[in-house]
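Working notes, structure below.
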Amino acid sequence: MVRIRVLVVDDHRIFAESLAAALAAEPDVDVSAAGSGPAALRCLERAVAEGRRYDVLLVDADLGAAAGSVPAQRESGSGPPGGADGIALVAGVRVSHPGVRTVVLAERDEPRRAAMALQAGASGWVAKDCSLSRLLAVVRGVLREETHLPPALLTGVLRELTAARKHRTDSERLVESLTPREHEVLRCMVAGLGRKDVAARLFLSPHTVRTHMQNVLGKLGVHSTLAAVALARRAGVRPAELAGDVVERSGQLA
């Protein structure tokens, strides 16, 4: 019998333990529980080291919300892996453990957040109060490369994904208007570097960096660094590497 290894990630201990116990009663399911994103990532790493990889993560959509999530990260989709909420964890797992399928467990039907979850790499969005048989069907389905959404969410999610695609296209067009140097500065902004750090990295004067940053904001049509970073992420701009990626630019003080 092929066994399915499931990790429940929820900081509501009673719910997590109850769900884990219910799943463990299935003859083909091995289940563990973690109470936070970082704990889940540690479980995944430990499993890899021991040669017993997890197949599916069941992740609370509001993971960490009780401790205070970060609205700006949630809004821009830039939260750190295992950080502000379940969707951030989904994104982190997609990068660090691409073979693991993730299903988001939610208390409410939220088309926008469901769409964000799918964009982050989730294979499904399921109500927390769904039946055990339904949840097991989803778990087995995502292992067959299926995507699962409640029928009532389909129209709203498609609308959100279409809007997100349009926003991404518009954002890409704006980013393409930047000069190569302005694009470098934007990547540094996405990486969280301040003006002095950008100047040191690119061998420019702080005044020159300030000018480039102002030009970037103007061309992107935004009024703050935070808004520029959010737009850049929608356009798929990757952050500048903070180590091992410094290119010598002396003599190129544009």
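Extension gain for Ala137-Phe15 works out to 42.0 nm (0.36 nm per residue, less the C-alpha to C-alpha distance). Amide H contacts under 5 Å for Val8: Ser32, Ala33, Ala34, Leu58, restricted to partners 5 or more places along the chain or on a different chain, H placed in the peptide plane at 1.01 Å from N.
Here the 3J(HN,Hα) profile of segment 28-40, calculated from phi with Karplus coefficients 6.51, -1.76 and 1.60 at θ = phi - 60°, is 10, 10, 9, 9, 10, 9, 9, x, 7, x, x, 5, 5 Hz, Gly and Pro shown as x.
Packing, as the average of other Cβ atoms within 10 Å across residues, places the peptides 141-153, 106-118 in the order 106-118, 141-153, highest first.
Amide hydrogen proximity for His148: with H placed 1.01 Å from N in the peptide plane, the residues at 5 or more positions away or on another chain lying under 5 Å are Gly124, Trp125.
Karplus-derived 3J(HN,Hα) values for segment 199-209, using 6.51 cos²θ - 1.76 cosθ + 1.60 with θ = phi - 60°, are 4, 5, 5, 9, 6, 10, 7, x, 5, 5, 5 Hz; glycine and proline are entered as x. Database remark: amide H of Thr102 closer than 5 angstrom to the amide H of Leu57, Ser123 (H placed geometrically; neighbours at sequence offset of 5 or more, or on other chains; Pro and chain starts carry no H). Potential lengthening of the chain between Thr162 and Thr211 amounts to 14.1 nm, from the contour at 0.36 nm per residue minus the alpha-carbon distance. Across segment 4-157, Cα-Cα pairs farther apart than 24 Å form 24% of the total.
Backbone geometry of segment 231-240 corresponds, through the Karplus equation with coefficients 6.51, -1.76 and 1.60 at θ = phi - 60°, to 3J(HN,Hα) couplings of 5, 4, 5, 4, 7, x, 6, 7, x, 5 Hz, x marking Gly and Pro.
Since every read-out is calculated from the coordinates, none of them should be taken as a lab result. Model, not experiment: these values are computed from the prediction. Every residue, glycine as well, gets a Cβ built from its backbone with ideal geometry; the counts of neighbours run over all protein chains shown.
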